[in-house]
Amino acid sequence: MGVFPILTDPIYVNRPYLPPLAEVMPALEEIWRTRVLTNNGPFHAEFERRLARFLDTPYLSVTTNGMLALQTAMETADLTGEVITTPYSFVATTHAVKLERLVPVFVDVAPHDLNIDPARIEAAITPNTRAIVAVHCYGNPCAVEQIADIARRHDLTVIYDAAHAFGVRYRGRGLLSWGDFAVLSFHATKAFNTFEGGAVVAATAAGKRGVDSARNFGIANEVEIPSVGTNAKMSEFNAALGLVQLDHFERVRAARRAVDSRYREALAGMEGIELLALPPDAEPNFSYFPLLVREGYPESRDALYERLKAHGIFSRRYFYPLLSGLPMYRDLPSAAADNLPVATRAAEQILCLPIYPDLGEADQRRIIDLVVGGR
């Protein structure tokens, strides 16, 4: 293990992009001048308008974070009973389901993209099913046409957890335009960040009105509160930062694409390493670089993970363990491992390598050499 020196500066799986501070300062000065900090202030309103135009989604509402965005969408949809979802995601997906007092029903994922398998959705529908909560994993589009057809035939609400999918387009249209609701995360780890933040995209004007009420305590005006809601509004600071970040996103996407291309060129065809293919008919955002450590590689996924860490390179096992194996979900009938063979195997083999806009070629070469060198 000693052929490569430990790096002085660790390389993490992600490094948040930050715009030049000088570009943010005028907005901060305006916030200090007006003392409008929250409650749908001018930066909040402008960010929401510009973001809706940028993403080609007219009914968009910004929120405090992605998890509250997901809960707010579920509240607006007025769901009860069961929702069919994936076990292969970050914990926020199913925690939001559970906090809304809904029952998650896990179905397996498709091996080519690790997104929820439409055939498994159809088989899992019962009289208690009310919705499908699907995840565009790694920003790769789900089988949206098939899911839409299933939902239409069974009268189900479709909510996409699109936390990874900012700016992704599919067959010429924004990926967020699919489903009754789609939710975004602007967490620091995402391709587009506002430090913390999120958004809900609704398919209709009525859906947006419902989200706007639900994110503001259910308040209609100074004297009327007709429904129960939460506090999921975005602050003026996060909105102001988001406006600046929008101006940089396409450059950030291009830089991420370059990192992705270097990995693919170096690792393609390597025995025991399977790269998830870039999705056809889609413009990705290159948020993650996932690979699967299969049979034929000279060590296990976990051994590679630890070896990289020993050299100051912090990859991540996104997503391990499966959500279905967590203590609050593992007793559900749908959580049994034999019900989820593809997801179970993927969770044992997945590794996401560092990818961010300013990952230098020398540092990336060091990562590649460690992967190619085996043990």
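Read-outs throughout are calculated quantities, based only on the coordinates presented, and are distinct from any laboratory measurement. Keep in mind it's a predicted model, so treat the numbers as computed, not measured. We place every Cβ from the backbone using ideal geometry, glycine too, and count neighbours over all the protein chains shown.
Here are the numbers for the structure shown:
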| quantity | calculated |
| --- | --- |
| Cα-based reach from Lys98 at 18 Å (exclusive), listing aspartates and glutamates while leaving out same-chain residues under 8 positions away | Glu75, Asp78, Glu82, Asp161, Asp331 |
| Theoretical FRET efficiency, 1/(1+(r/R0)^6), r = Cβ-Cβ of Ala362 and Glu46, R0 56 Å, to 0.05 | 0.90 |
| For the chain, built as a Gaussian network whose Cα springs stay under 10 Å, the top-fluctuating residue of Thr204, Thr93, Thr157 | Thr204 |
| Sequence-distant residues sharing a close amide H with Val105 (under 5 Å, placed H) | Val83, Ile84, Thr85 |
| Gyration tensor verdict on segment 137-262 (Cα atoms; rounded if a/c is under 1.5, prolate if a/b is larger than b/c, oblate otherwise) | oblate |
| Charge dipole (debye, nearest 20) of the chain; +1 at Cβ of Lys and Arg, -1 at Cβ of Asp and Glu | 320 |
| Dipole axis of segment 20-81 (+1 Lys, Arg; -1 Asp, Glu on Cβ), positive-most option in Leu55, Pro26, Asn40 | Pro26 |
| Amide hydrogen neighbours beyond the local backbone of Leu322, cut-off 5 Å, H modeled | none |
| Top of Ala255, Ala22, Ala77 by mean-square fluctuation, Gaussian network on the chain, Cα under 10 Å | Ala22 |
| Share antiparallel - DSSP beta bridges, the chain, percent rounded to 5 | 55 |
| Selected from Gly207, Pro141, Asn285, residue furthest toward positive end of dipole (the chain; charges at beta carbon) | Asn285 |
| Loop chymotrypsin sites (Phe, Trp or Tyr not before Pro), segment 24-57, which have at most 15 other Cβ atoms in a 10 Å radius of their Cβ (DSSP) | none |
| Under DSSP loop assignment and at most 11 Cβ neighbours within 10 Å, longest GluC sites (Glu not before Pro)-free interval of the chain | 1-221 |
| Segment 16-58-segment 210-275 distance, computed between alpha-carbon centres (Å) | 14 |
| Segment 337-375 and segment 156-185: distance between their alpha carbon centers, rounded to Å | 25 |
| Cut-off 10 Å between beta-carbons: net charge of the residues surrounding Gly210, Lys and Arg +1, Asp and Glu -1 | 0 |
| Theoretical gain in end-to-end length, Glu306 to Leu99 [0.36 nm per residue, Cα-Cα removed] | 71.1 nm |
| Rounded FRET efficiency, nearest 0.05, which uses the C-beta distance separating Asp56 from Arg152 and R0 of 22 Å | 0.45 |
| Diffusion coefficient, µm² s⁻¹, Stokes-Einstein with Kirkwood Rh over alpha-carbon pairs of segment 250-375 at 25 °C and 0.890 mPa s | 155 |
| Cβ charges +1 (Lys, Arg) and -1 (Asp, Glu), total dipole of segment 228-313, debye | 240 |
| In Hz, Karplus ³J(HN,Hα) per residue of segment 83-94 (6.51, -1.76, 1.60; θ = phi - 60°; x = Gly, Pro) | 10, 8, 8, 9, x, 10, 6, 6, 4, 4, 4, 7 |
| Cα-Cα P(r), the chain, percent of pairs per 20 Å interval | 28, 56, 15, 0 |
| Under the Karplus curve 6.51 cos²θ - 1.76 cosθ + 1.60, θ = phi - 60°, whole-Hz ³J(HN,Hα) for segment 340-349, x wherever Gly or Pro sits | 9, x, 5, 5, 4, 5, 4, 4, 7, 10 |
| Inter-site label distance for Asn128 and Glu295 at 7 Å from Cα along Cβ, in nm | 3.8 |
| Rounded to whole Hz, the Karplus (6.51, -1.76, 1.60) HN-Hα couplings of segment 207-212, x for glycine and proline | x, 5, 4, x, 5, 4 |
| Two-decimal Rg to Rh for segment 252-304 - Kirkwood Rh, Cα set | 1.02 |
| Given charges at Cβ of Lys, Arg, Asp, Glu: segment 231-375 dipole, positive-most of Leu243, Leu323, Ala362 | Ala362 |
| Cβ-placed point charges (K, R +1; D, E -1), dipole of segment 1-148 about Cα centre in debye, nearest 20 | 320 |
| Nitroxide proxy distance, nm - points 7 Å out along Cα→Cβ at Glu196 and Asp331 | 3.2 |
| Residue among Thr86, Thr344, Thr63 with the largest mean-square fluctuation in a Gaussian network model of the chain, springs linking Cα atoms under 10 Å | Thr344 |
| Within segment 194-238: backbone nitrogen closer than 18 Å to the Trp32 label point (7 Å, Cα to C-beta) | 236-238 |
